[in-house]
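Before any comments, here is the structure.
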Amino acid sequence: MSNKASKSELEDIKAKKGVSRSYANDEITVFWRPELCIHSANCLIGLPGVFDSSERPWINIRGASSADILKTVDTCPSRALLYLKNANTRLRKSRKKSKTPPKFARVQILKDGPAIISGNFILRDPDKKKILLKTDKAAICRCGASKKKPLCDGTHLKIGFKD
Ligand code: SF4
Ligand code: FES
């Protein structure tokens, strides 16, 4: 699914000036419509170096290649995140991932948010049943309020969870 902003979405963003936010680098502009965010945390899990709810601004538009940012914006299920490529922008393809599977798991604690697990890991429920994941990363709830435990569903933002 492409989250490229349509004409009507751009008009919506323009009409809600002051509510919608935009973040631009030399190649792309990313828009965020907070009223449509369902806190799925796809963006936080997909690219934590760019989408970090504990930082201000929460989108670091220079934190990764434009191609990788667009790839993550496309995973936003509610279209709260949208993008536009600037005129004449030709994006370099994102670096291909190494085919060698990672040896270790890596856990990164996001300030005031979930713990992101990536690398070589298996997530199991209390009955030792494997929890199937949509991506090769998992955001584990640390605030205790997620309705999708053990996974984060973004509720930490609503309840103002602080470390
Ligand atoms: S991916 Fe999820 S958390 Fe991120 S902006 Fe979209 S709806 Fe909100
Ligand atoms: S840390 Fe995200 S919902 Fe708990």
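The values are calculated or read from the model by the stated rules, or taken from the named source; none is laboratory data. Quantities reported herein were computed from a predicted structural model and do not represent experimental measurements. A quick note on method: Cβ atoms are made from the backbone with ideal geometry, for glycine too, and the neighbour counts reach across all protein chains shown.
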Exercise for the section: Kindly indicate which of 136, 153 is at pLDDT below 95, within 16 Å of ligand 2 (Cβ to nearest atom) and among the acidic types (Asp, Glu). Expected result: 153
Problem - Residue that is nearest to ligand 1 (Cβ to nearest atom) [pool: residues in region 47-74 that are farther than 14 Å from residue 113 by Cα and in contact (Cβ under 8 Å) with a residue 40 or more places away in the chain] - result: 73
Practice task
Output the number of residues of region 49-69 satisfying the condition of being surrounded by 20 or more Cβ atoms within 10 Å (Cβ to Cβ) and of a type outside the set (D, E, K, R).
Solution key: 6
Exercise for the section: Kindly provide the set of residues from region 17-60 that are touching a helix residue (DSSP H, G or I) at 6+ places or on another chain (Cβ under 8 Å) and part of a loop (DSSP other than H, G, I, E, B), ordered by number. Expected result: 19, 25, 27, 33, 39, 47, 50, 52, 53
